[in-house]
Structures are given as C-alpha cells and as structure tokens.
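Read through the structure below, which is laid out as structure tokens, and then see the notes.
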Amino acid sequence: MRIFDPHIHMTSRTTDDYQAMYDAGVRALVEPSFWLGQPRTSPASFYDYFDALLGWEPFRASQYGIAHHCTLALNPKEANDPRCTPVLDALPRYLVKDSVVAVGEIGYDSMTPAEDHALAAQLQLAADHGLPALVHTPHRDKLAGLHRTIDVIRESNLPPEFVLLDHLNETTVKAATDSGCWAGFSIYPDTKMDEDRMVTILKNHGTEKMLVNSAADWGKSDPLKTRKVADAMLKAGFTEDDVDQVLWRNPVAFYGQSGRLQLDTPAPDALHEGNSILRGGE
C-alpha cells in the first residue's frame, strides 16, 4: 500500500514519526506552512520557517524514503497581525522554489477584512505562479466560512480545479464538491474527522477528487491516520484501487498541477548544512 499524506506538519513531529509513517506505507507528503501556536512578531521569523520547510524537513524525510514537498503562505490567523503582513510581499521569491507545490494554507480563521485581503491576494499569487492553492476552512462557523471562501475563489483568477478546500466535514462536503474544487478531510482526534465518519462520506459522495490527510501537528494528533483510513476503507468493502485513488492518486493529481512533484526519493544526503539527524554526532 502506498500513501501520500497531503497535509501534515512535520516540523512539529519527531524523527521517529517519519520511520513509523514509512512503515505504514507513507511514501510522500506535503507540509503546509501554518500557525506555530505562538504568535510570530516579525516577517523574518516566517522566512526562517519557510527555509526549514525547503531544506531541513526534506532532508529529514529523505532519511526515511519519504518525498517531502511544501506549500507556503501567510496563514489566516496571522493575516490579522500587521507585524506579519509584509510576508505577502516576500512570498513571490519563495513560490518559485522547486519543492513548493501550492500556495497554502490560506483561507479564513475569524473571517475578518484582513483575512479577506490575504485570501484574495494569495489566490492571485497562486494564479500568477501557476500553482494550486490549499485553502483552510475555518474551525468556527464552518459552513458560512466555506460559502464565503467559495465566493472569493469565484471572483479570483484561479480556476476551482486548482483549489483544495480542506478541513471539510459532513456539513460542508456537498457545497465544496458542488463548487468544482477538490475536497480535503483531516482525520484528527477529537476536533475534526475520524476514520468511520470518513468512510461514510466516501460511501455517500464517492472517491473522485477526495483527499484524506492527518493534519498532524503540535496538538493531539496522529501521523498514521491516513493508514487507519485506508484500513477502515478496506474493512468497509472498498477495493484496493479505491484506497489507492484516495490515498495516492488524488493527491498526486491535485499537487501534480504544479508541475513540481518529484515522487522518486533519491539516496539521502548524509548531512544538511553540516548537520545530521543524529543528535550528538555520527
């Protein structure tokens, strides 16, 4: 079984997680830039973070045979902080990097005017760079936030087939699929979806343009949730081809629109900028 996790925050995970993910069948992932939990106080802190997603994390992933790509953006929560908004002006120099396969996470947190501006501006950046967009639907007022998001997408120059609407659930799946965008579901303990609910959605709405991710991060989360969904699908009567479509071919098709996916994992380098993953030396 081959698995592509299209949304996971490995900067928050240990190196042991890479080993466990590989053992579970994960061979590729996309790491979106996101809010790190504590407010950042200057654009420079974003740039160091972006550099880590372009350098250190691909290096760590390569040690375990996993192809690492990323999406970069000013996230919705910090789009409200004037100290952070200059990131919008700096993004173009990052969006040309080879391992950047989308603009994201963008979207809404509290649905403020500042978030309106950041979402529209970054959808335009995606269109300008020929990249897809990974869109975070809000955790509060989710259906209203989804409708507002779709309205902004329709007003943008980015076609809906280049947009992945993420963190969906039973209340938002129909509006999302009707929009022509791709549909993303985060299997995340307590606060988002679980395996059984995901299987029910797939039974009711099919497997086309559906993506499943773990969204694992610094919170209570599980980087093996993609494999658990695959196992639950098989137990529920889905075929191995169905599983491969949802857990591999769909994320490959969506992010492949960037023209930058490199799914063959070359032999890993021993060091990254003079450092290994071994604490305390070789």
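Any read-out appearing in this document is the output of simple, stated calculations on the displayed coordinates, not a laboratory observation. All values reported here derive from a predicted model rather than from experimental measurement. Please note: Cβ atoms are built from the backbone with ideal geometry, for glycine as well, and neighbour counts cover all protein chains shown.
Of note:
- Annotation: the residues His147, His68, sorted from fewest to most other C-beta atoms within 10 Å of their own C-beta, follow the order His147, His68.
- Identified option (computed Rg and Dmax of the Cα atoms in Å; candidates [x] 17.7, 54; [y] 21.1, 63; [z] 24.2, 107): [x]
- 5 Å-binned pair-distance histogram of the range 228-279 (Cα, whole percent): 4, 16, 16, 12, 13, 14, 14, 8, 4, 1
- Total charge dipole magnitude, the chain, about the Cα centre, Cβ charges on Lys, Arg, Asp, Glu only, Debye to nearest 20: 220 debye
- Packing-based exposure ordering (other Cβ within 10 Å, fewest first) of Met21, Met111, Met193: Met111, Met193, Met21
- Checking the cross-link pairs Lys77/Lys174; Lys142/Lys225; Lys77/Lys235 against a 30 Å limit on the alpha carbon distance flags Lys77/Lys235 as lying beyond it.
- The calculated 222 nm mean residue ellipticity attributable to helices in the chain amounts to -11500 deg cm²/dmol, summing -39500 (n - 2.57) over DSSP H runs of n ≥ 4 and dividing by all residues.
- Least to most buried among Val100, Val252 (fewest other Cβ within 10 Å first): Val252, Val100
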